[in-house]
1. Tell me, please, whether a residue that is part of a strand (DSSP E or B), over 30 Å from ASN259 (Cβ atoms), in contact with a Cys (Cβ under 9 Å, 6 or more places away or on another chain) and open to solvent by less than 10 Å² (accessible area, probe 1.4 Å) can be found in segment 330-348.
2. Checking ARG300 against (1) modelled with pLDDT under 95; (2) part of a helix (DSSP H, G or I), only one condition comes out false. Which one?
3. Take ALA369 and tell me if it is of a type outside the set (Ser, Thr, Tyr), surrounded by 22 or more Cβ atoms within 10 Å (Cβ to Cβ) and at pLDDT below 95.
4. Check ASP279 against each of (1) surrounded by fewer than 17 Cβ atoms within 10 Å (Cβ to Cβ); (2) assigned to a helix (DSSP H, G or I) and name the one condition it does not meet.
5. Just to be sure, is ALA82 farther than 18 Å from VAL65 by Cβ and out of contact with any Lys or Arg (no Cβ under 6 Å at 6 or more places or on another chain)?
6. Within segment 47-56, is even one residue touching a residue at least 40 places away in the same chain (Cβ under 8 Å), in a loop (DSSP other than H, G, I, E, B) and either surrounded by 15 or more Cβ atoms within 10 Å (Cβ to Cβ) or not basic (Lys, Arg) (or both)?
7. If only one of GLY105, GLY152, GLY119, GLY112 is small (Gly, Ala, Ser) and over 22 Å from VAL48 (Cβ atoms), which one is it?
8. Taking segment 360-408 only, how many residues are in a helix (DSSP H, G or I) and of a type in the set (Lys, Arg)?
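The values are calculated or read from the model by the stated rules, or taken from the named source; none is laboratory data. All of these numbers come straight from a predicted model, not from anything done at the bench. No Cβ is skipped: glycine too gets one built from the backbone with ideal geometry, and neighbour counts run over all protein chains shown. We work out accessible area using only protein heavy atoms, side chains counted, and drop any ligands, DNA or RNA first. Shrake-Rupley method; radii C 1.70, N 1.55, O 1.52, S 1.80 Å.
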Amino acid sequence: MTYKNSISTRPDLADLVRRDSVHRDLYTDPEIFDLEMERIFSTAWIYVAHTSQLPRYGDYVTAHVGRENLIILRGGDNEIRAFLNRCPHRGATLCADKAGSAEKGVVCPYHGWRFDAAGALKVVPQAENYDGALDLEKISLRQAANIAEYRGFLFVNLSENAGPLTDFLGHMRTSIDDLVDRSPEGAVECSPYVLRHYYRSNWKMSFENLNDTIHPGFAHAASVVAARAVAEDVGGPQNLAASLGMMMANGKPISFFQNSPMRTEAGGHSYIGGHMGADYSDITRDVYFERLAAAYGEERARNIVGMNRHLTLLYPSSTWHARYQTVRIVRPVRVDLTEVIGYVFKLKGAPEETFRNAIEYCNGANSAASPVISDDLEIYERCREGNFFGDEEWIPMSRGLNERFGDADTENLSPATSEAFIRNQFAAWRSYMAEEA
């Protein structure tokens, strides 16, 4: 389907991105979406799982990377591999569940072909019928090109030309470190509580919204008013649960964000300074610090609890909030349909309240029932609808174009009110989408 005024057939896709604006086709054209799946999501490192989700031999989770449906599976040799979730016989999906155990092998539900955790074909019912017709010894599950781990977090890259994961992460490794180092044992565990929602708009809408600091006071005005009323009833914002503290934080004046830093990095990654509410109780705060100090020393413990970042956007597929132990995966389904999956992590060795606090935050940040999320989902859909009509083909992204943060002489530091992070994402988009990519 070709949309009105579509220019997606131009040979140079870079023409769709200008210094201060982008063409609306980037959000609405299914041809461009198909190219994104091929050139971005099949060549970038995509977060898929945490090793704690696969504690034993045969444990697996399923995940989507671009167009591919994958099984992430721990083998008997303790290696974790990523396989296409399809039987090489007739193409049936092998694992229908989001997670499970295949200790006795992965079995196709159609004809009973069985594969071990290393992907080798082990059992074929009535195998003699294939004699001279099909070489069963050459058949195995197809393995994804690359799987790599950073501090327990597993990423997949489908490209045979993938560079090292650490190069892809770059400075953003510090945001993953921030999450793991908050554990007195230096380890986190993925909670079984997973929140999923869909929205009817393009995947880029979520990435552009999460660190947009101008919209909260307008899009979330009703929930700010409600949270303030609750805060008054319970004796002040310090007594609010994390989800309500998040709602209160959305009511901070724009001047607060103008004076907060935003950092952008090559590859489309970014984060801004922290601004969320809801701290731990006094007892938990003291016990938690004591445990961190015992593990790392007092100076480092102070640095750990003092690290204050809002969402880290790991372009193009995940967002990370270390303080609230939450990771979200943004999964494109169609040009106009996106799934967002939220995971909560438990800090090993930390007081239980830190985990409850994180669950509260994840509910407020990723549940479709959240007043905050429901606001965002409506805005995403309104943007999708509005970009299908009218003559305005170009969408400005020029806020803060000529600003730097404070006295910074580097382009990667801007006020948190800037759209620099969106421009940075589209710089990465152009690089991925170039023909030579």
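1. yes
2. (1)
3. On the way: of a type outside the set (Ser, Thr, Tyr): yes; surrounded by 22 or more Cβ atoms within 10 Å (Cβ to Cβ): no; at pLDDT below 95: yes.
The answer is no for ALA369.
4. Every listed condition holds for ASP279 apart from (2).
5. On the way: farther than 18 Å from VAL65 by Cβ: no; out of contact with any Lys or Arg (no Cβ under 6 Å at 6 or more places or on another chain): yes.
Judged against the criteria, ALA82 is not a match.
6. Scanning segment 47-56, I find no residue that is touching a residue at least 40 places away in the same chain (Cβ under 8 Å), in a loop (DSSP other than H, G, I, E, B) and either surrounded by 15 or more Cβ atoms within 10 Å (Cβ to Cβ) or not basic (Lys, Arg) (or both), so the answer is no.
7. On the way: GLY105 fails: over 22 Å from VAL48 (Cβ atoms); GLY152 fails: over 22 Å from VAL48 (Cβ atoms); GLY119 fails: over 22 Å from VAL48 (Cβ atoms).
None of the other options fit; the residue is GLY112.
8. Number of matching residues: 2.
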